[in-house]
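Each value in this text was obtained by applying a stated rule to the coordinates, not by laboratory testing. These numbers come from a predicted model, not from an experiment. Quick reminder, even Gly has a Cβ in these numbers, built from the backbone with ideal geometry, and neighbours come from all protein chains shown.
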Amino acid sequence: MKPRHIIFIMALLLFGCNQSEIPFMRTLNLNPDSLICNSVPQPFPAKQHGLMLTGAEVKQLKGNAVDTFPDRILSVQRFAKDYALAYAHGGSVELFLYDPQGKRLDKVGLGYWGEPQQLQNSTPKIVKLTVCKDSLQETQGQYRRLNATQFEVCCITKADTIRWYYEVKARKFRLQRRESTRPIATPSRDIEAYPWSQTYEVCPLINDYKRLLPSDVVCSLNVPAGKSGYEMMKCNHDIATIWQWIYDHKGHEKLSENIKNMFYWSQHEGDKRDRLSRQEVEQDIQKVQNRQARNVLLKMIRKW
């Protein structure tokens with residue numbers, strides 16, 4: 001065999017060794033195979049783990065790019081033939097589900113993961129608790145794979161541990177149940193805990209933006225204001241489903257009024273880019289599949 005043939009074969013072997021076993025990663029010239037495991041590592045310290053992504057790669061993989069912090073792939077898990085990628089954006093962790101071709105099947109937020117805390121198994125007695133924001137400070141996240149289709153996510157503080165249990169079913173994330181060491185009010189974290197595919201189920205929480213657990217525990221948050229509040233809603237949940245829920249519950253919902261307030265207050269922004277336009281809201285309503293619902297909703301917002 002001639003030397004040039006040997007060099008050509010070695011180059012082919014080297015190229016093949018650097019390619020990922022994940023089909024859609026090969027198209028991006030990324031190889032996160034060393035991150036394949038049944039866990040989600042801690043995002044801090046950032047330099048110790050993960051595959052850093054460029055803004056263009058984030059946009060291709062997640063459908064959006066945020067410039068504030070660089071995104072990293074923390075781990076890759078297999079669920080049957082599909083892949084779940086855990087991303088870290090600063091201390092915020094998300095889990096995205098893809099088919100082998102890279103189609104996004106679902107996503108769920110795993111909360112903000114701070115410095116490690118020890119899990120609490122005690123059950124303190126509470127007489128009364130009233131707060132104006134989530135009763136969570138200095139939180140630390142933890143992920144545990146339970147079996148081939150199920151996993152749990154923990155939110156840990158010095159006094160509490162909250163667990164959300166999930167199952168991957170029909171190629172979607174499904175929130176099964178929530179457990180905590182004591183009644184603890186966490187409305188924004190509970191909203192985030194619902195996967196994209198369960199947007200309709202989380203709408204009652206978004207509508208009230210509060211959590212009552214039980215009658216002697218009350219937690220209520222101010223509705224996010226302005227255009228950023230609406231964009232945050234769109235980023236985390238299926239906005240067309242939210243508008244469908246609003247139509248289905250017209251007459252006894254206040255979510256549409258909250259969005260109206262977002263629209264109204266954004267009009268006072270000096271920079272037009274910070275204003276929520278009626279056209280943007282109309283475009284989201286046009287994604288609602290039910291024609292009658294679209295017509296009613298469009299008529300409603302055109303009165304704003």
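Values for this structure:
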read-out	value
Two-site label geometry, Thr54 and Asp271: point separation in nm, points 7 Å out along Cα→Cβ	2.6
Rounded if a/c under 1.5, otherwise prolate or oblate - region 248-289, Cα gyration tensor axes	oblate
By average C-beta atoms within 10 angstrom, highest first, the peptides 235-247, 262-274, 163-175	235-247, 163-175, 262-274
Ordering of 193-205, 280-292 by packing [mean C-beta count within 10 Å, highest first]	193-205, 280-292
Theoretical gain in end-to-end length, Gln101 to Leu205 [0.36 nm per residue, Cα-Cα removed]	34.0 nm
Segment Lys299-Ile36, extension gain: residue separation times 0.36 nm, minus the distance between their alpha carbons	89.7 nm
Residue-count net charge about His268 - beta-carbon cut-off 10 Å; Lys, Arg +1, Asp, Glu -1	-1
